[in-house]
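**Q** Here it is, the structure in full.
The values are calculated or read from the model by the stated rules, or taken from the named source; none is laboratory data. Being a predicted model, the structure only gives us computed values, none of them experimental. Please note: Cβ atoms are built from the backbone with ideal geometry, for glycine as well, and neighbour counts cover all protein chains shown.
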């Protein structure tokens, strides 16, 4: 599956960038009724520019000045009048970022005059989003169809090891996007791009004045002193990197893509080396996974916490003292952590505090819980190691070596025959090799204490099963009464358990009624908390109007309300560039027994059919037969055998589902005898 990942990180870069001239808002912009290249767009980015420079303020940092102008075409575009800028605000003041110098204007056309309105400072909100992150948020007033909004801000950060990703593409069209970096020559950065649209690039040598400030501590004979500060500018040789893209279409909302941001046309820079201009010493930052893994092992919030065992030894010794197999020991320790700890919904790859304290308080972030689990499993004698994961929401990890690409931790046990057991103790309904859906994001990185590591697959290879048996009775008026039994395994069961356990039972049944378009008269679910068995839900129902009656003939869809009525693949093959992500392999089997009304016989029923995807990636079988008593039995089996397929499978999938829709919407005809 490696080739599926590699193609998304490549984009076309042409070496001929020229900066687009940024002008004042015009009447033509305000009068524009729809986007010239996309009449359906609710808004568009008319122009955006990023200008990144470096400064020395008792340590190197970067300043990114951003200017953005957005046109609102209709009310669906009003969401773009609310701006959110996240920034890091950790406990260490020297590592904190800052957003400042915010200026924002909205422009409207009143009569024949352009009216501008400045956003008030009191309307700019600074709020905490997680334990280490904040965001600046503001909403433009008096937004209406035709408005143009414009804002500027400066983003300051000491994290020069990685600059923010600059996106040339958005969910709306982008007319012009320009990004410029001016970097002193003694810094070297690797450049990474992705997406499918051309980025024009230009590099120039230049001379810059870099501002600096250095704090000095002057000490006297008593060991005390005062703080003095020296500031000024220094002339340096530098390089100017310019990137631009024009007329970039909106990122299409294609089906079966779990995070479109994985494929957005963008560019990012990672620190590669630093050459000290005073003594020409050279320090390389581009690392390999061995160095990155060893750095994690030395971290007081990662490896050092993995080595601590005293706080849990008494409890784990009690578990290990019970007669049990190796598999049972793993299961018992895993369940102990799930029952003992609660997840506070915070992610991250580092512990939030000392695990001894977290263990006592019984609540922690994802690293707290799963590093604790890993440590206990090691203590019990298993080859247990943490796995770095990037959640679906966080995006596919980039191809370069960096632990900052990851935001989540799970535990892994390396077994014989290269088998790996994956564990996540943050959710009561997870099981060995059954991870929360948020983790099923291509691959993770298993790291060992000796610095070795390896990439592991996170998406399951075994199918999750959805088996369905329904017995229905149809009367001459078209009313249907029936009973249904549905069985879920693996990810289907996990998703059901999470959904059902967090919902009020009456609300759940009400939503199910609306989804199935039936009246549920009795509902029951089994094995919701028994993870060793499939979830089973049974219900009784009735429904009127689910069949068509024309001239006393009854027209019945073979799968009734379970029919696939629409093909989810609507694009042309040439339009589809992204892989098709089903998240996990699926196996569905539907068996429907139909008791037809007395006085009716079967005049027509669809023919059986079997179809398959190329290379055994999936199959569909439709069988229908008439029983000796004249009733009907329909059996449908559908399998999608791989979690992720390349875009090359788009047309075969489109044809596959076209056949399914044709078959499941072909009506059974019953005639009066």
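**Q** Restricting to the stretch 394-429, give me the number of residues that are touching a helix residue (DSSP H, G or I) at 6+ places or on another chain (Cβ under 7 Å) and either at pLDDT below 95 or outside any strand (DSSP E or B) (or both).
**A** 12
Rundown of residues vs (1) buried (at least 16 other Cβ atoms within 10 Å of the Cβ); (2) without any contact (Cβ under 8 Å) to a residue 60 or more places away in the chain; (3) part of a strand (DSSP E or B), yes/no style:
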position: 232; (1), (2), (3): no, yes, yes
position: 235; (1), (2), (3): no, yes, yes
position: 241; (1), (2), (3): yes, no, yes
position: 245; (1), (2), (3): yes, no, yes
position: 271; (1), (2), (3): yes, no, yes
position: 290; (1), (2), (3): no, no, no
position: 294; (1), (2), (3): yes, no, no
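**Q** May I pose another question? Can you name the residue in the stretch 146-158 that is part of a loop (DSSP other than H, G, I, E, B) and either in contact with a helix residue (DSSP H, G or I) (Cβ under 7 Å, 6 or more places away or on another chain) or modelled with pLDDT under 95 (or both) and is also farthest from residue 206 (Cα to Cα) among such residues?
**A** 146
**Q** How many residues are part of a helix (DSSP H, G or I) and touching a residue at least 60 places away in the same chain (Cβ under 8 Å) when one looks only at the stretch 70-95?
**A** 7
**Q** Residue 544 is checked against (1) over 30 Å from residue 338 (Cβ atoms); (2) in contact with a helix residue (DSSP H, G or I) (Cβ under 9 Å, 6 or more places away or on another chain) and fails just one. What number does that condition carry?
**A** Looking at each condition in turn, residue 544 falls short on (2).
**Q** Within the stretch 119-139, is even one residue in contact with a helix residue (DSSP H, G or I) (Cβ under 8 Å, 6 or more places away or on another chain) and modelled with pLDDT under 95?
**A** Taking every residue of the stretch 119-139 in turn, none turns out to be in contact with a helix residue (DSSP H, G or I) (Cβ under 8 Å, 6 or more places away or on another chain) and modelled with pLDDT under 95.
**Q** Another question about this same structure. Any chance you could count how many residues in the stretch 403-420 are surrounded by fewer than 18 Cβ atoms within 10 Å (Cβ to Cβ) and over 16 Å from residue 347 (Cα atoms)?
**A** Number of matching residues: 7.
**Q** In the stretch 196-223, how many are at pLDDT below 85, assigned to a strand (DSSP E or B) and over 20 Å from residue 237 (Cβ atoms)?
**A** Of the residues in that region, 7 qualify.
**Q** Which ones in the stretch 346-362 are farther than 23 Å from residue 92 by Cβ and surrounded by fewer than 16 Cβ atoms within 10 Å (Cβ to Cβ)?
**A** Here is the first cut: in the stretch 346-362, the residues farther than 23 Å from residue 92 by Cβ are 359-360, 362.
Result: 360, 362.
**Q** Now for a different question. Can you find, within the stretch 529-550, the residue that is farthest from residue 479 (Cα to Cα) among those that are buried (at least 16 other Cβ atoms within 10 Å of the Cβ) and without any contact (Cβ under 8 Å) to a residue 60 or more places away in the chain?
**A** Among those residues, the one meeting the criterion is 535.
**Q** Out of the stretch 439-457, which residues are in a loop (DSSP other than H, G, I, E, B), surrounded by 19 or more Cβ atoms within 10 Å (Cβ to Cβ) and touching a helix residue (DSSP H, G or I) at 6+ places or on another chain (Cβ under 7 Å)?
**A** 442
Residues are listed down the side, and each one gets a yes or a no for (1) more than 19 Å from residue 613 (Cα to Cα); (2) in contact with a helix residue (DSSP H, G or I) (Cβ under 6 Å, 6 or more places away or on another chain); (3) surrounded by fewer than 18 Cβ atoms within 10 Å (Cβ to Cβ):
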residue: 636; (1), (2), (3): no, no, no
residue: 640; (1), (2), (3): no, no, no
residue: 645; (1), (2), (3): no, no, no
residue: 650; (1), (2), (3): no, yes, no
residue: 658; (1), (2), (3): no, no, yes
residue: 663; (1), (2), (3): no, no, no
residue: 671; (1), (2), (3): yes, no, yes
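**Q** Of (1) over 20 Å from residue 611 (Cα atoms); (2) in contact with a strand residue (DSSP E or B) (Cβ under 9 Å, 6 or more places away or on another chain); (3) surrounded by fewer than 19 Cβ atoms within 10 Å (Cβ to Cβ), residue 628 satisfies all except one. Which?
**A** (2)
**Q** With the condition being under 37 Å from the mean Cα position of the chain (by Cα), I'd like the strands (runs of 3 or more DSSP E) fully within the stretch 556-673 carrying at least 3 qualifying residues.
**A** 586-595, 609-612, 618-626, 632-640
**Q** Being closer than 30 Å to residue 196 by Cβ and in contact with a strand residue (DSSP E or B) (Cβ under 6 Å, 6 or more places away or on another chain) is the filter here; which residues of the stretch 272-287 pass it?
**A** Answer for the stretch 272-287, where residues must be closer than 30 Å to residue 196 by Cβ and in contact with a strand residue (DSSP E or B) (Cβ under 6 Å, 6 or more places away or on another chain): 272, 285, 286.
**Q** Just checking, which of 143, 174 is within 30 Å of residue 578 (Cα to Cα) and modelled with pLDDT of 95 or more? Quick ask: steps written out before the conclusion?
**A** Values: 143 fails: within 30 Å of residue 578 (Cα to Cα).
Sole residue among the options that is within 30 Å of residue 578 (Cα to Cα) and modelled with pLDDT of 95 or more: 174.
**Q** Read through the list (1) out of contact with any strand residue (DSSP E or B) (no Cβ under 6 Å at 6 or more places or on another chain); (2) part of a helix (DSSP H, G or I), then give the number of the only condition that residue 377 fails.
**A** Condition (1) is where residue 377 drops out.
**Q** Is it the case that the stretch 464-484 has a residue that's part of a strand (DSSP E or B), surrounded by fewer than 14 Cβ atoms within 10 Å (Cβ to Cβ), at pLDDT 95 or above and in contact with a strand residue (DSSP E or B) (Cβ under 8 Å, 6 or more places away or on another chain)?
**A** No - not one qualifying residue is present in the stretch 464-484.
**Q** Still on this structure: Name the one entry in 327, 304 that is out of contact with any helix residue (DSSP H, G or I) (no Cβ under 9 Å at 6 or more places or on another chain), outside the structural domain of residue 195 (by TED's automatic domain parsing), surrounded by fewer than 18 Cβ atoms within 10 Å (Cβ to Cβ) and part of a helix (DSSP H, G or I).
**A** Details: 304 fails: out of contact with any helix residue (DSSP H, G or I) (no Cβ under 9 Å at 6 or more places or on another chain).
327 is the lone residue from the list that is out of contact with any helix residue (DSSP H, G or I) (no Cβ under 9 Å at 6 or more places or on another chain), outside the structural domain of residue 195 (by TED's automatic domain parsing), surrounded by fewer than 18 Cβ atoms within 10 Å (Cβ to Cβ) and part of a helix (DSSP H, G or I).
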